Amino acid sequence: MRPEKLKKQKTGNEQLSSIEKLHPHKTLLFFALLGSSLLFMSISFLFLVSISRQSPLQHFVLSKWFFIGSLALLISSFSLSGIKNAFKNDHYAAIRQKLIFTLVMGSVFIFCQLAGWYEMLRSGFEIHAHPLLSFFYILSGIHLLHALAGQAVISVILIHASRQNSDPVKSLIYFSNPIHCLRLEMSVIFWHFVDFLWLALFIMFLFTLG
């Protein structure tokens, strides 16, 4: 066997091995995110194909609310940086601060999405007004469901951490249990996914719909 083929086979085996070493919960998350990515990619592909077949939207401009919401979501993602180290250092105050700030910025994003939709509807850009608008509402709507799911998960983690911190013994057990660190890490991964997914969609809408 040629050295090039051996190298490729070795690389493939290493990648497979790295996946196998993941915690089962992380593996489930990995495949869930993969499935969501394929869903968004499929709908986005149909959207891009439809652009060449449909007449362009007239007098359509993305609402300022979508710009504000995108910035809030980006900030919320950055606010979670370092939260794993805070957990390893038993720094509950930092964890609580980061989670609450993320929830606030995530709520701002959700509000901006709803406000942007409302402004579009008032301007006559309803879901049935144009085929391209149907794709916009479907993609942004499915993404909003992901954002709501992320908010729910982060809220549960915050409530659970707050209850454990109320008692010194429970707090010691909480920070000593690696499963709690894993759940925190998985929630951060999912929220980053929600963030980068929307940024990709937003840029696509910005350059195709205006």
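Against the test of being surrounded by 14 or more Cβ atoms within 10 Å (Cβ to Cβ) and not small (Gly, Ala, Ser), the options LEU145, LEU103, LEU114 yield a single qualifying residue, LEU103. Just one of the listed residues (MET105, MET120) is at pLDDT below 95, in contact with a helix residue (DSSP H, G or I) (Cβ under 9 Å, 6 or more places away or on another chain) and assigned to a helix (DSSP H, G or I), namely MET120.
Within region 196-210, residues that are within 15 Å of LEU46 (Cα to Cα) reach partners that are β-branched (Val, Ile, Thr) and part of a helix (DSSP H, G or I) with beta carbons closer than 7 Å, at six or more positions or on different chains, in the pairs THR208/ILE51. On inspection, PHE45 qualifies as on the phi < 0 side of the Ramachandran plot and surrounded by fewer than 12 Cβ atoms within 10 Å (Cβ to Cβ).
Please enumerate the residues belonging to region 50-60 that are at pLDDT 80 or above and surrounded by fewer than 11 Cβ atoms within 10 Å (Cβ to Cβ). Break it down stepwise before answering.
If we filter region 50-60 for residues that are at pLDDT 80 or above, which is where we start, we get 50-53, 60.
Once the filter is applied, which keeps residues that are at pLDDT 80 or above and surrounded by fewer than 11 Cβ atoms within 10 Å (Cβ to Cβ), region 50-60 yields SER52, ARG53.
Tell me whether region 76-84 contains one or more residues that are under 15 Å from the mean Cα position of the chain (by Cα), assigned to a helix (DSSP H, G or I) and surrounded by fewer than 16 Cβ atoms within 10 Å (Cβ to Cβ). Yes, region 76-84 contains a residue that is under 15 Å from the mean Cα position of the chain (by Cα), assigned to a helix (DSSP H, G or I) and surrounded by fewer than 16 Cβ atoms within 10 Å (Cβ to Cβ).
Restricting attention to helices (runs of 4 or more DSSP H) lying wholly within region 131-210, give those where 1 or more residues are charged (D, E, K, R) and at pLDDT 90 or above. Walk me through how you get there before you give the answer.
Values: elements: 131-165, 168-176, 178-208.
Fully inside region 131-210 and qualifying: 178-208.
Just one of (1) farther than 19 Å from LEU46 by Cα; (2) in contact with a Ser or Thr (Cβ under 7 Å, 6 or more places away or on another chain); (3) part of a loop (DSSP other than H, G, I, E, B) fails for PHE125. It is (2).
The values are calculated or read from the model by the stated rules, or taken from the named source; none is laboratory data. None of the values given here were measured: they were computed from a predicted structure. Because the Cβ atoms are built from the backbone with ideal geometry, glycine has one as well, and the counts that use them run over all protein chains shown.
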